[in-house]
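Notes follow the structure.
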Amino acid sequence: MATVEVSHLKKAFGPTQAVADVSFAVEKGEIFGLLGPNGAGKTTSIRLMLDIFQPDAGTVSILDGPMTEAKKNRIGYMPEERGLYQEMPLEACLIYLATLKGLSKTDARRRLQPYLEHFDLAQHRAKKVKELSKGMQQKAQIISTVLHEPEILIMDEPFSGLDPVNTQLAKDLMLELHRRGVTIIMSTHIMHQVEELCNRIVLINQGRNVLYGDLAQIRREHSGHAVRVKVDGELPALAGVQAVTPHNDALQLTLDQQTSPQEILQQLVSQHCAIEQFEIALPSLDEIFIQVVSEQ
């Protein structure tokens, strides 16, 4: 059974239909991507899942049933807006937030030290939160979300404000939690991070599902009739190729509908080309995102 199951959610605020019809399921232990452009309804969907808002229609099952107060301590939620107490010292703030999730101060302090070291914050533990940089506060927000060791982790724009080094530290932590069996829902519009971390996604636009399922299958379904090729030397003339365009350090060949990729490969081999790369041209998630949202 799915750890989280959302069925036909709807939510309006006055005349604004924030969520019109959203459905998806998240399996135990997976990293799931909740995607969409700004204003698509992602954050509202998360708040409906967490019982912060009540839906106008539809249902949410989380940890095998409706949300309860006891279940909230089994969930870690990192909102896009930071929720740290600015006047408190960092260590005291994180320990206090952990006690709200059921940890004792002793356990919170013991668990906190490795996270402070992982994110290079140990030397800043006595500083007030407001004295920390934006990136440091983001790392502290991540720590506060995972410190009570939740079964489900819901992260809204987890890499916001992080430089590449700290982004990698955050990804390393997420992958470690994934290996431990934690279910992670990641809401973001940074598509290359999704491609790296997620196997399944839902793409929401204008409050509705527009794509849902296995990411590799979605990429295959949106692939054009093209291959990417790199050869040592000049690319010879090939029958069935409509256009040749550069793609990174290779060439993308757009084929006519009567020509298969295997026929192109056979032509290259028959002309004794030294083939360094040959692959079906699958679109990036960025390209799919732009295409689908533009069509909507």
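The values are calculated or read from the model by the stated rules, or taken from the named source; none is laboratory data. What you see is a predicted model, and the numbers here were worked out from it, not measured in a lab. Every residue, glycine among them, receives a Cβ derived from its backbone with ideal geometry; neighbour counts consider all protein chains shown.
Residue by residue through region 31-64, note down the ones that are closer than 18 Å to LEU215 by Cα, out of contact with any Ser or Thr (no Cβ under 6 Å at 6 or more places or on another chain) and buried (at least 18 other Cβ atoms within 10 Å of the Cβ). Scanning region 31-64 gives ILE31, PHE32, GLY33, LEU35, GLY36. Kindly indicate whether GLU151 is in the same structural domain as ILE62 (by TED's automatic domain parsing), farther than 25 Å from TYR212 by Cβ and surrounded by fewer than 19 Cβ atoms within 10 Å (Cβ to Cβ). Here the answer is no, as GLU151 does not meet what is asked. Checked against (1) outside any helix (DSSP H, G or I); (2) small (Gly, Ala, Ser); (3) in contact with a helix residue (DSSP H, G or I) (Cβ under 9 Å, 6 or more places away or on another chain), SER144 meets all criteria but (1).
Yes/no matrix, rows are residues, columns are (1) in contact with a Lys or Arg (Cβ under 6 Å, 6 or more places away or on another chain); (2) outside the structural domain of GLU157 (by TED's automatic domain parsing); (3) not in a helix (DSSP H, G or I):
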residue	(1), (2), (3)
LYS11	no, no, yes
VAL22	no, no, yes
THR43	no, no, no
PHE53	yes, no, yes
ASP64	no, no, yes
GLY102	no, no, yes
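Within the bounds of region 177-200, is there any residue that is of a type in the set (Asp, Glu) and modelled with pLDDT of 95 or more? Within region 177-200, none of the residues are of a type in the set (Asp, Glu) and modelled with pLDDT of 95 or more. Hey, among the residues in region 114-140 that are assigned to a helix (DSSP H, G or I) and more than 27 Å from the chain's Cα centre (by Cα), which one's surrounded by the fewest Cβ atoms within 10 Å (Cβ to Cβ)? Taking the candidates together, the pick is GLN123. For first residues located in region 27-39 and in the same structural domain as LYS11 (by TED's automatic domain parsing), partners that are basic (Lys, Arg) and crowded, with 23+ Cβ neighbours inside 10 Å and lie 6+ apart or on another chain with Cβ distances below 7 Å form the pairs LEU34/LYS42; GLY36/LYS42. Going through (1) outside the structural domain of TYR77 (by TED's automatic domain parsing); (2) in contact with a strand residue (DSSP E or B) (Cβ under 9 Å, 6 or more places away or on another chain) one by one, LEU203 falls short only on (1).
Note on region 220-237: residues that are in contact with an Asp or Glu (Cβ under 9 Å, 6 or more places away or on another chain) and surrounded by 13 or more Cβ atoms within 10 Å (Cβ to Cβ) total 7.
In this structure, is ARG111 assigned to a helix (DSSP H, G or I), under 24 Å from GLN168 (Cα atoms) and either in contact (Cβ under 8 Å) with a residue 12 or more places away in the chain or more than 24 Å from the chain's Cα centre (by Cα) (or both)?
Against the criterion (assigned to a helix (DSSP H, G or I), under 24 Å from GLN168 (Cα atoms) and either in contact (Cβ under 8 Å) with a residue 12 or more places away in the chain or more than 24 Å from the chain's Cα centre (by Cα) (or both)), ARG111 qualifies.
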